[in-house]
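The next block holds one structure in the form of structure tokens; read it before the comments.
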Amino acid sequence: MHLSRSPRRRTAAWVAGAALTAAGLLIGPPSAAAGTGPSVSVDAALLDAVDGGGEASFFVVLKDRADLSAARGKRAHAARTKSAFTELRAEADSSQRSLNSFLDRKRVGHQNFWIANTVKVTGDEDLVRELAERSDVAGIVKEQHYRLGDVEAAPSTAGTDADGGPEWGVKDIKADQVWKDYDDRGEGVVIANIDSGVQYDHPDLVANYRGNNGDDTFTHDYNWYDATGECGTGGDPCDNNGHGTHTMGTMAGRGGVGVAPNATWIAAKGCETSSCSDESLLRAGQWILAPTDRDGQNPRPDLAPNIVNNSWGGGATTFYQDIIEAWNSAGIFEAFAAGNEGDGATCGTTEAPGAQAPAYGVGAYDVNGRIADFSGFGPSPVDGSAKPNISAPGVNVRSSWPGSAYKALDGTSMATPHVAGAVALLWSAAPSLIGDIDRTRTLLDEGALDVEDTHCGGTAGMNNVWGEGKLDILASLDKAPHTAVTVSGEVTDKATGAALPGVTVKATHDATTRSVTTGPDGSYRLSLSPGTYTFSLSAYGYATGTVSGVELITGEPVTQDVELAPIASHAVTGTVLDVTGKPLAKAVVSLPGAPVDAVTTDAKGRFALPKVAEGAYTLRVTPVAPVMCNGAHNGALKVDGAETAQVKLPNRTDAGGTYSCAPVTSSWIKGSTDTGLTGDEDATTVYLPFPVRYYGVTYTSASVTTNGLVNFVQPHLGDYANTALPAAARPNGVVAAFWDDLVLDKRSSVKTAVTGKAGSRKFAIVWNKASFAAEPSVRISFQAVFDEATGAITLQYRGAGSSILQRGGSATTGIENQAGTDGLGHSFDEAVLSDTTALHFTPKDAR
């Protein structure tokens, strides 16, 4: 049923109550003149977008904030990140519960975030008004997009060193002198960026990517995350802009481009191409604090990086300062570009988040020591704070570029990774500083070379043009605590004496673990705080080596050479069965993290991994698309001889575990009551004979369309273009029985039927002989059946004959939640259906 309403103007009280400051948000409660208007801040851009009947995506920011004092009080990195993650998740789950219930009752899909305690929704002026009147809401802001630093290719390579020597910026901040004087290149520190992605196999970056297994295989889970979905379904890191590869190179690249070339790096793609959306940045910000697998599941805060670079920004942000404070509470140092909106003279041109007080913002200067014309000056236009905090090389900066190339670029985006890399050097050489954000900032500030320019306010020591001055990491490190003990050595094969590269060396003391990998010559080096350590050395094909009770005393370096004993290898064979117990062909069998080539099952479901070293592994079996209702298997595998495994795949579940999918025997229900649907692009409301609970929300009616959809969220026309599920684009909250561009003519109908007794009834929505708009002579029948007793949903088919269209060649089948963020897509444009296909989606509380 199509809904519409006449445009109407906002009342004077509504406009007054939503009055905005220059920063873009209402500060404090509205005046008495606001009458019954909203009691929270509302973004002016949002008001404009929804005026006159429009809709927009926006974020509802809640008032409650997590207490992160416990995280700040912990010393070990893993303990701090875990504590912060736990508190943030718990606070969001609790304080968002009432808002979620409200949105569910309104049939409004929503996407929840925990790191900033905010909820994303799409709606109109009426929804904004109602949300603004809630006592638990602090602000309502329109979704924004932020720029990656506006960069330009430098006109020449002057000031760069293309022969492998340190680049001019690396030398200018004296990083190369730190390498020489302290023998420190960032070992044992994990650095990250939120950017456009990274070419992980660039020659200058591949060796110290944390996902590199050291044997030409890679594990991207927990080391890479694409919050944007732009890299495709393969899961491998990508960079569709070049910006992220460039900034990562300046932080951790080899070959002279990077400040900390032995730091370990990971990355989150939070920018779609040349801009970054609020949603992607929130996802990426959460991942930095609690890395997940590539699907965004199974968070591991213990694998969070130590440092994160952010070379993006623009205007006045909304809630990103909450993310900065969460990172800092967890001991994660952040650096932000101060923005490229300067003109060499005008004050107040820094951009958020670098312009926000909690952020460490970075300005840019050139090879001649002059502030860049584009570098943003303070004071902050957002909150009046002194900005930037410091300045670094940002003109004609040469670094890595996709395609295993190099490019020289300008921007505060190029300056910021110099600071992030410098912190990696500082924390590597002075590990007592790891996680101490305030002391680290102080040392950076104290070491910086003062540059007097007070035309925007400040002093020679701290002004709104240069901040604290020019970054000098050698001077900062000279001022740092010098209590660390150097542990170095060589790892060799016990049988042959050959050097072993790629061995992971972990040093553990008081729940704190630092790790490095051995270089091509088998050597390793770590700077550690004094104490008693246990060292664990592991590599594929070798027994783990352990050295316990190693006492480290300041001023007494330790040399520790270790031999690892090779172990035997054996064949691992087996059979993969689908959820029905039948052999499954073309399933991919792998051992994640091990240098063993993945294999594919044959027509009888058989596989063979011919040579696997003894040890404990995860055996992963992934069905090839179309995945139908077969889920992925991840099970423990212990190899201590020839092994045979039989794997029956589990039922697929959605990401949240809300529904599972299983094939069942088809049991067709004949429709009896006509809905009146007819023609092309028609929709009607069907009232349900019993309440249907779908993704946590109970419904008594649903919209049914000619194009094979049951839509619980809202009536929706113009849904002829199907998409894979789940998808953020509307329609959301759908059951896609057979989503295609269909037409109901005189031979077609959509009917409903109810069977069974109260408490165990089934309700069927039946499309009979619907024709395809693309080929009207071809028809298909299908139905969606809702089970009162279990809450399950069954999709089944008739007339799915030899035609590709009838078998689903241009259709979508499956289910999706109200925000389009989770679901179970069974098929998308795949000819996999037949008359015997019956798909059963069961909620977790009925299993």
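Laid out as a table, the results:
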item: Ranked list, fewest to most other Cβ atoms within 10 Å of each Cβ, for K648, K82, K63; result: K63, K648, K82
item: Length released on extending from D561 to A345, taking residue separation times 0.36 nm less the Cα-Cα span; result: 72.0 nm
item: Relative contact order of region 569-650, pairs being alpha-carbon contacts under 8 Å that are 6 or more residues apart, as %; result: 39
item: Linear extension gain, D51 paired with S101, 0.36 nm per residue minus alpha-carbon span; result: 15.4 nm
item: Cross-link reach list, lysines versus K586, counting only Cα pairs under 21 Å and skipping chain neighbours closer than eight places; result: K604, K611, K648
item: Sequence-distant lysines (8 or more away, or on other chains) whose Cα lies within less than 19 Å of K746; result: K670, K769
item: Net charge, L577 excluded, C-beta distance under 14 Å - Lys, Arg +1, Asp, Glu -1; result: +3
item: Over the chain, relative contact order from alpha-carbon pairs under 8 Å, at least 6 apart, %; result: 9
item: Cα gyration tensor, the chain - rounded (a/c under 1.5), prolate or oblate; result: oblate
item: Under-5 Å amide H pairs with Y533, H placed in peptide plane, nonlocal only; result: G549, V550, E551, L552
item: Sum of side-chain charges, L564 neighbourhood, beta-carbon under 13 Å (Lys, Arg +1; Asp, Glu -1); result: -3
item: Reciprocal of mean inverse Cα separation for region 659-846 (Kirkwood radius, Å); result: 16.0
item: Convex hull volume per residue for region 248-391, taking Cα atoms only, in Å³; result: 122
item: Two-site label geometry, D680 and D126: point separation in nm, points 7 Å out along Cα→Cβ; result: 3.1
item: Label-to-label distance, nm, for residues given as A598 and A632 (7 Å Cα→Cβ offset); result: 0.8
item: Environment charge at F782 (Cβ cut-off 14 Å; Lys +1, Arg +1, Asp -1, Glu -1); result: +4
item: Residue-averaged 222 nm ellipticity for the chain, from DSSP H runs of 4+ at -39500 (n - 2.57), nearest 500; result: -4500 deg cm²/dmol
item: Contour minus Cα-Cα distance for V588 and R65 (0.36 nm per residue); result: 183.9 nm
item: Shape of region 353-411, Cα gyration tensor, a/c cut at 1.5; result: prolate
item: Exposure proxy order (Cβ contacts within 10 Å, fewest to most) of K479, K106, K470; result: K479, K106, K470
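Every number in this text was worked out from the coordinates using simple rules, so none of it is lab data. Note that the structure is predicted; figures quoted are calculated from it, not measured. We place every Cβ from the backbone using ideal geometry, glycine too, and count neighbours over all the protein chains shown.
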